[in-house]
Amino acid sequence: MTSRVPPNSSLEYWTDITDINTAKERILPNCPFGPSKHLLEIVRILSLGDRVLDFGCGIGRNITTLKSFGFNVVGYDLPNMIKLCKELVNNIDLFDKWNIVKKYNYDFIFCGLVLQHIPLFALQEYLLDFQTMSKHMIVYGRVSSDHFTDKLVYDVIRESGWSLNRILQAVPCWDNKIEDHEMILWEKN
Ligand SMILES: C[S@@+](CC[C@H](N)C(=O)[O-])C[C@H]1O[C@@H](n2cnc3c(N)ncnc32)[C@H](O)[C@@H]1O
């Protein structure tokens, strides 16, 4: 299995990013930086005007493209990432306070390359909150976690009250194929 981000990347791996170049390198190491090709597949599932939360939006690689397709997008990430994202993205609501983001409802929550980086207890809490926020979740990411080895990220998603609706086409975004990334549409039980 090939993994681009060092396994066991800590929270600090993300929170100590203070400039856009470092953010780009850590988000997509050794890769050209740009919107995910997966958005084309995601667009087929959403309807115009859908309210979408880009959870762990980073510096906004996908958020502007999602908006340009006609979705009502909101971004959430850690404070340092949202600060950088605001330098690059205009006219989109970006939040770094989960207590605010979780009060609202969304047609879809999109998690791109993020859940595998979140420690187990924090991940479980987010996934339970997602249940009160949306009926649908699209998760693109690595099947194995940086933080636990006794189960897969998708086991935690299932245990948190989500059912697999369907596996979506995951277009490899790097030259060398990443074997252990999947994109899945989940629905609330
Ligand atoms: C590989 S990057 C993906 C960023 C973006 N989704 C993209 O595809 O460009 C992982 C993101 O997860 C965020 N992240 C890591 N731990 C997090 C946490 N506990 N809560 C929210 N976001 C977190 C990081 O700040 C980072 O922006």
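Counting only strands (runs of 3 or more DSSP E) wholly contained in region 60-157, the ones carrying 1 or more residues that are more than 15 Å from the ligand (Cβ to nearest atom) and at negative phi occupy 72-76, 93-95, 136-142. For region 44-58, a tally of residues being buried (at least 24 other Cβ atoms within 10 Å of the Cβ) and in a loop (DSSP other than H, G, I, E, B) returns 2.
When we screen Phe71, Phe108 for residues that are in contact with an Asp or Glu (Cβ under 8 Å, 6 or more places away or on another chain), touching a residue at least 40 places away in the same chain (Cβ under 8 Å) and either among the small types (Gly, Ala, Ser) or buried (at least 20 other Cβ atoms within 10 Å of the Cβ) (or both), the only hit is Phe108. Looking across region 8-32 at every residue that is away from the ligand (no atom under 12 Å from the Cβ) and modelled with pLDDT under 90, the one that is nearest to Leu115 (Cα to Cα) is identified as Asn8.
The values are calculated or read from the model by the stated rules, or taken from the named source; none is laboratory data. Predicted model, so just to flag it, every value in this text is computed and none were measured. Here the Cβ is made from the backbone with ideal geometry for all residues, glycine too, and neighbour counts use every protein chain on show.
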